[in-house]
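The values are calculated or read from the model by the stated rules, or taken from the named source; none is laboratory data. This structure is a prediction, so every number in the text was calculated from the model and none was measured. Cβ coordinates were reconstructed from backbone atoms using ideal geometry, including for glycine residues, and neighbour counts include every protein chain displayed. Areas reflect the complete protein model, heavy atoms only, side chains present, ligands, DNA and RNA absent. Shrake-Rupley method; radii C 1.70, N 1.55, O 1.52, S 1.80 Å.
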Amino acid sequence: MKVPQNIQDVMKNWESYTLLADSFYHQQQYKQASKVFSKSVEIIEPWLDKDEKELNKVMHLFVLSCHNTAHALNQLGKNKEAEYYYSHAHFRLLSLISRPKRSSRIMENAVYELKTTLKQLKYFLLSMNKDQLAGNIHEESVRVLRKSYVDYVEDVFTV
């Protein structure tokens with residue numbers, strides 16, 4: 001497949017991969033699903049750094065891709081790999097939030113996506129009896145938000 005040069009082509013490719021992987025997933029072909037879902041991560045992730053205009057959509061697709069990949073891997077019992085994808089989504093968002101000079105609209109969406117990833121990551125870690133790690137990640141997330149986006153810290157991570 002040719003490397004896409006614009007975000008519209010990337011999104012079309014992302015959709016094709018995701019639909020194919022979703023089909024595999026619903027046929028309980030989790031190995032194929034995880035491979036194709038991971039391709040959707042690979043094609044969308046570079047655009048987190050490229051296109052400010054489409055960043056909100058790209059962030060959402062990236063998180064969705066990581067979570068889909070993790071779900072498929074979890075179905076295979078590949079917990080370490082699943083944890084990687086849940087964590088990858090979360091820490092990539094923290095990295096985006098910590099960058100200076102983001103618009104408030106992008107920051108609001110990033111915080112929303114971060115909240116979603118933290119909830120999913122903590123749920124997964126707690127199910128794996130990694131309570132301390134889940135707590136540490138929560139604390140680090142709050143620390144980054146306090147440093148980068150003080151207005152939202154107080155109510156974002158309430159349970």
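Things worth noting here:
- Over 23 Å between alpha carbons, listed pairs 35/80; 50/101; 101/122; 31/80: 101/122
- Surface share of carbon and sulfur [accessible, 1.4 angstrom probe, percent] for the chain: 51
- Charge sum, other residues only, whose C-beta stays under 15 Å from residue 136's C-beta, Lys/Arg counted +1 and Asp/Glu -1: -1
- Projected label distance in nm at residue 78 and residue 128, using a 7 Å step from Cα toward the beta-carbon: 1.3
- The chain: DSSP helices with Cα axial extent of at least 24 Å and average Kyte-Doolittle hydropathy no lower than -0.5: 7-26, 55-75, 79-98, 104-127
- Cα gyration tensor, the chain - rounded (a/c under 1.5), prolate or oblate: oblate
- When +1 charges are put on Lys and Arg Cβ atoms and -1 charges on Asp and Glu Cβ atoms, the dipole computed for the chain relative to its Cα centre reaches about 240 debye.
- Shape call, segment 1-93: gyration tensor on alpha carbons, a/c limit 1.5: oblate
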